[in-house]
Every structure is written in C-alpha cells, then in structure tokens.
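Undergrad: Below is the structure I would like to discuss, written out as structure tokens.
The values are calculated or read from the model by the stated rules, or taken from the named source; none is laboratory data. All figures in this text were calculated on a predicted structure; none of them were measured in a lab. Using ideal geometry, Cβ is built from the backbone for each residue, glycine included, and neighbour counts are taken over all protein chains shown.
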Amino acid sequence: MRLSILLAFIFFFCLSANGQSILVNEDPAITSMMQKYVMQSQEKDMIKAWRIQIITTDDRRRMENAEAKFRRMYPDFEIIKVHESPYYRIKTGAWENKLDLQVFLQSIKGDFPSAIPVLDDIPESSLLRI
C-alpha cells in the first residue's frame, strides 16, 4: 500500500514539475524494495498441484537405489530430490488434477509400494497435460 502511494506521489510530482530540472535522491531502501518487487513479478507463476512421492526414507542409500531404479524404468520423468533432515524424499510428475495421476501411480505401485500423491508448489509451465 505504501509503495503504491509513494509511486503515485512521484508520478504526480513529475507531472507538476513540467520540464523543470529537479534532482531526486531516492532512499536506498526504496531502491532495494523496487528491485525486489521487479524480481518477484518476473518469477514463474507457482500453483498448488500434485506430484507422486516415490519414497520417503532416512536411509540415503535406500533413496539413491530407488532413484536409480526409477530413472531406469522411467527416463522421461523428472525427479525432484528433497532432503529435510533426517528424511530424503523423491518426487516426480506434476499433475493439476489428482485423478490424472492415479493411472501412473497404479502402474508404479508394484515397484514402489510406498508411492503416494502429494500436493506441491509447482511452476505452471511444468504441469503434465494428458
């Protein structure tokens, strides 16, 4: 709110100056805040969507074995590794609708019985479309 008021004030001030030579010294905090605003607006849009969590374990070797097995079986699927101490998680896919992931989930359950659907923040451009 403060930012929009400040920007409106600067805009109207510049209009009223009407060709006069005015030097404006901007506070470094304002410059920093504007840079953050621009960076955030350029970031990809994130949405809540579904992934399949292949494994959750506190054993790094078990996680690496599951990762290697999944990569061999499904080389076209991206793998997301997450380490939140003490757990290692492997996730894959990006579905907008939970029903859409069910077919793939059922096909991998034989090899990865602990696989479950989980909600995650996903860039909209990464969604798998069926």
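Undergrad: Please determine whether any residue of the stretch 85-98 is surrounded by 11 or more Cβ atoms within 10 Å (Cβ to Cβ) and in a loop (DSSP other than H, G, I, E, B).
TA: Yes, the conditions are met somewhere in the stretch 85-98.
Undergrad: Can you work out which of the residues in the stretch 100-122 that are in a loop (DSSP other than H, G, I, E, B) and charged (D, E, K, R) is farthest from the chain's Cα centre (by Cα)?
TA: 111
Undergrad: A further question follows. What number of residues in the stretch 13-50 are modelled with pLDDT under 80 and loosely packed, with under 10 Cβ neighbours inside 10 Å?
TA: 17
Undergrad: To continue, here is another question. Of everything in the stretch 99-108 that's surrounded by fewer than 17 Cβ atoms within 10 Å (Cβ to Cβ) and aliphatic (A, V, I, L, M), which residue is nearest to residue 122 (Cα to Cα)?
TA: Among those residues, the one meeting the criterion is 99.
Undergrad: Now for a separate question. Could you grab me the full set of residues in the stretch 49-62 that are within 28 Å of residue 99 (Cβ to Cβ) and either touching a helix residue (DSSP H, G or I) at 6+ places or on another chain (Cβ under 7 Å) or free of Cβ contacts under 8 Å to residues at least 60 places away in the same chain (or both)?
TA: 50, 52, 54, 55, 56, 57
Undergrad: Let me ask something else about it. Tell me yes or no: at least one residue of the stretch 112-130 is surrounded by 12 or more Cβ atoms within 10 Å (Cβ to Cβ) and basic (Lys, Arg).
TA: no
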